[in-house]
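The values are calculated or read from the model by the stated rules, or taken from the named source; none is laboratory data. Nothing here was measured: the structure is a model prediction, and the numbers come from that model. Cβ atoms come from the backbone with ideal geometry, glycine included; neighbour counts cover every protein chain shown.
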Amino acid sequence: MKRLNKAFKFRVYPNAKQQILLAKTFGCVRFVYNRMLADKIKHYEETKENLKCYPSQYKTEFEWLKEVDSLALANTQINLQTAYNNFFRDKKIGFPKFKAKHKSRKSYTTNCVNENIRLENKYIKLPKLGLVKIKQHRQIPDAYKLKSATISQSPSGKYYVSILFEYENQVHEIIPKTFLGLDFSMHDLFVTSDGEICNYPRYYRQGEKKLAREQRKLSLMEKGSKNRNKQRLKVAKLYEYISNQRKDYLHKESRKIVNKYDCVCIEDLNMQGMSQCLNFGKSVSDNGWGMFTTFLAYKLTEQGKKLIKVGKFFPSSQTCNVCGSINQITKDLSVREWTCPNCNTHHNRDINAAINIKNQGIQLA
């Protein structure tokens, strides 16, 4: 039996008093993070030693910190230490940054201790907040043990709670019998080794003109005005709507694939590098290929199935899937169809690449 973690995200509807306390908690968490980071930097510049900071040491000087959940402040210290460890582990990650009031993500995490967090009928009990109305769209199995809850506020002003549960599950890994190769497509999200093309609706492109119009209105408004805040919420809701459309589509497509195949083979692409390319950066971001592969991975793992990633330097588009010869002409991305000079087989670029990825994945399985 393996102990696994699973998170469920629900929307919450705090009343006016609870919203004030949530705003105060978000502010206290940000303040403690920034204060500990500043003290660490100052101490290191003076002594060249690492300083251990704890939220409790600031409560004497700032008594208003006692009004919020202490576990939320404790988790802030853990987050800061994790950021420090990541920086010293890999310099590319970057040094921890101070959290800005209007730009940072508003959220905090609290742990479940002595059932201080529990789900009741259409409500969730949270420390300091009490019972908060919740929209629970799925039932939690009785065997699941509640570990923590993360309360967040989206840019559009909506509140959510992500509840982390621990459970024991015995996943039986199955021997793959059905394989599928997926080749990333800039326009259609992916093309399968079976010749199917995913007709991705390109939600960002659909709403791009409307977004541009509303953002132009926002840029002309005076900072700090009520009308500017109303317009900011309007733009945030548009972005949220597009994001929800994309997630819904990717969840449904990944579920179809997972239910049908035992093993899915994909190419390990550098999506961050591709998104920074001027030629097709928007298309990469709109497709959400990285999110799609994440959805595939956890859904396959839950059923004991496999996701195999083929190396990024594997010449999937240049190799003929019939005779195995490599055609250098296909390095030009404008070549969408080509004929193998060795065996005279005519290929569609994307379908041929998907078949090669599938065959390579079978060898690695």
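Consider only pairs whose beta carbons are under 8 Å apart and that are at least six residues apart or on different chains; among these, list those whose first residue lies in region 86-109 and is assigned by TED's automatic domain parsing to the domain that holds residue 157 and whose second residue is at pLDDT below 90 and part of a loop (DSSP other than H, G, I, E, B).
Pairs that qualify, where the first residue is assigned by TED's automatic domain parsing to the domain that holds residue 157 and the partner is at pLDDT below 90 and part of a loop (DSSP other than H, G, I, E, B), are 87/94.
What number goes with the only condition from (1) in contact with a Ser or Thr (Cβ under 9 Å, 6 or more places away or on another chain); (2) part of a loop (DSSP other than H, G, I, E, B) that residue 149 does not pass?
(2)
Scan (1) among the acidic types (Asp, Glu); (2) without any contact (Cβ under 8 Å) to a residue 24 or more places away in the chain; (3) assigned to a loop (DSSP other than H, G, I, E, B) for the single condition residue 173 breaks and write down its number.
(2)
The rows are residues; the columns are (1) of a type in the set (A, V, I, L, M); (2) within 22 Å of residue 11 (Cβ to Cβ); (3) exposed (fewer than 12 other Cβ atoms within 10 Å of the Cβ).
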{"position": "71", "(1), (2), (3)": "yes, no, no"}
{"position": "74", "(1), (2), (3)": "yes, no, no"}
{"position": "79", "(1), (2), (3)": "no, no, no"}
{"position": "85", "(1), (2), (3)": "no, no, yes"}
{"position": "112", "(1), (2), (3)": "no, yes, no"}
{"position": "117", "(1), (2), (3)": "yes, yes, no"}
{"position": "140", "(1), (2), (3)": "yes, yes, no"}
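Is it true that some residue in region 93-108 is at pLDDT below 90, in a helix (DSSP H, G or I) and under 21 Å from residue 36 (Cβ atoms)?
yes
For region 197-221, which residues satisfy the criterion of being in contact with a strand residue (DSSP E or B) (Cβ under 9 Å, 6 or more places away or on another chain) and either surrounded by fewer than 16 Cβ atoms within 10 Å (Cβ to Cβ) or among the β-branched types (Val, Ile, Thr) (or both)?
Scanning region 197-221 gives 197, 199.
For the condition surrounded by 16 or more Cβ atoms within 10 Å (Cβ to Cβ) and either among the β-branched types (Val, Ile, Thr) or within 23 Å of the chain's Cα centre (by Cα) (or both), what is the one hit in 156, 107, 193?
107 is the lone residue from the list that is surrounded by 16 or more Cβ atoms within 10 Å (Cβ to Cβ) and either among the β-branched types (Val, Ile, Thr) or within 23 Å of the chain's Cα centre (by Cα) (or both).
Would you confirm, using the coordinates I've provided, whether residue 336 is in the same structural domain as residue 267 (by TED's automatic domain parsing), surrounded by fewer than 13 Cβ atoms within 10 Å (Cβ to Cβ) and under 29 Å from residue 252 (Cα atoms)?
yes
Residues 49, 61, 67: which one is farther than 22 Å from residue 111 by Cβ, out of contact with any Asp or Glu (no Cβ under 7 Å at 6 or more places or on another chain), at pLDDT 90 or above and not basic (Lys, Arg)?
61
Just the residues that are farther than 23 Å from residue 129 by Cβ and touching a helix residue (DSSP H, G or I) at 6+ places or on another chain (Cβ under 9 Å), please, taken from region 7-38.
Those that are farther than 23 Å from residue 129 by Cβ and touching a helix residue (DSSP H, G or I) at 6+ places or on another chain (Cβ under 9 Å): 35, 36, 37.
For region 291-365, which fully contained strands (runs of 3 or more DSSP E) count at least 2 residues that are modelled with pLDDT of 90 or more and closer than 15 Å to residue 269 by Cα?
Of the strands (runs of 3 or more DSSP E) lying wholly inside region 291-365, those with at least 2 residues that are modelled with pLDDT of 90 or more and closer than 15 Å to residue 269 by Cα span 306-310.
Select from region 241-257 the residues that are buried (at least 17 other Cβ atoms within 10 Å of the Cβ) and under 13 Å from the mean Cα position of the chain (by Cα) and list them in ascending order.
Step one: filter region 241-257 for residues buried (at least 17 other Cβ atoms within 10 Å of the Cβ), giving 242, 246, 249-250, 253-254, 257.
Passing the criteria: 246, 250.
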